[in-house]
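Working notes for the structure below.
The values are calculated or read from the model by the stated rules, or taken from the named source; none is laboratory data. What you are looking at is a predicted structure, and each value in this text was computed from that prediction instead of being measured. Here the Cβ positions follow ideal geometry from the backbone for every residue, glycine too, while neighbour counts run over all protein chains shown. With ligands, DNA and RNA removed, areas are computed over all heavy atoms of the protein, side chains included. Shrake-Rupley method; radii C 1.70, N 1.55, O 1.52, S 1.80 Å.
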Amino acid sequence: MATLTTQAIALAGLNPTYAPATGGGDKCETGDRVFLHVKNGGGSPVTVTLTATATVRGQAVSNPTVSVPASGERMIGPLQPDLLQSPTDGLCAVGYSSATSVTVAALRI
């Protein structure tokens, strides 16, 4: 798993850097102003899965999933710490149904 560096969007603007999605998944920072921007350059939809680490009244919470259409993109977030922050490393685990032709950036607004 690669750890994505969170890029801050400033008043002067940002030309974000996108990393290739890692086949085994990625990790990123969480926060109420942190989002993932996922671009799918492939010919089939890709499912992005965020690993939920929270419980509600003792019941496990389902992992949120987002479908990114073929040749499309999705902004995902905000990545709320109380739902997605791992207690072991403080990061959010991100998985992809396919990493082929997929790029991703972690952004903070």
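Restricting to segment 38-78, and then to whatever is loosely packed, with under 15 Cβ neighbours inside 10 Å and of a type in the set (A, V, I, L, M, F, W, C), can you tell me which residue is nearest to residue 106 (Cα to Cα)?
The qualifying residue nearest to residue 106 (Cα to Cα) is 75.
Restricting the search to segment 7-37, which residues are touching a Lys or Arg at 6+ places or on another chain (Cβ under 6 Å), surrounded by fewer than 18 Cβ atoms within 10 Å (Cβ to Cβ) and of a type outside the set (Gly, Ala, Ser)?
Result: 33, single match.
So which residues in segment 55-74 are farther than 19 Å from residue 25 by Cβ and in contact with a strand residue (DSSP E or B) (Cβ under 9 Å, 6 or more places away or on another chain), if there are any at all?
Those that are farther than 19 Å from residue 25 by Cβ and in contact with a strand residue (DSSP E or B) (Cβ under 9 Å, 6 or more places away or on another chain): 69, 70, 71, 72.
How many residues are under 23 Å from residue 15 (Cβ atoms), out of contact with any Asp or Glu (no Cβ under 8 Å at 6 or more places or on another chain) and open to solvent by 40 Å² or more (accessible area, probe 1.4 Å) if we restrict to segment 86-109?
Total meeting the criteria: 3.
How about segment 1-33: which of its residues are of a type in the set (Asp, Glu) and more than 14 Å from residue 96 (Cα to Cα)? Explain how you work it out, then say what you get.
Our first condition is that a residue be of a type in the set (Asp, Glu); within segment 1-33, this holds for 26, 29, 32.
Answer for segment 1-33, where residues must be of a type in the set (Asp, Glu) and more than 14 Å from residue 96 (Cα to Cα): 29, 32.
Determine, yes or no, whether residue 105 is in contact with a strand residue (DSSP E or B) (Cβ under 9 Å, 6 or more places away or on another chain) and part of a strand (DSSP E or B). So that I can check it myself, show each step before the final result.
Values: in contact with a strand residue (DSSP E or B) (Cβ under 9 Å, 6 or more places away or on another chain): yes; part of a strand (DSSP E or B): yes.
So residue 105 fits the description; yes.
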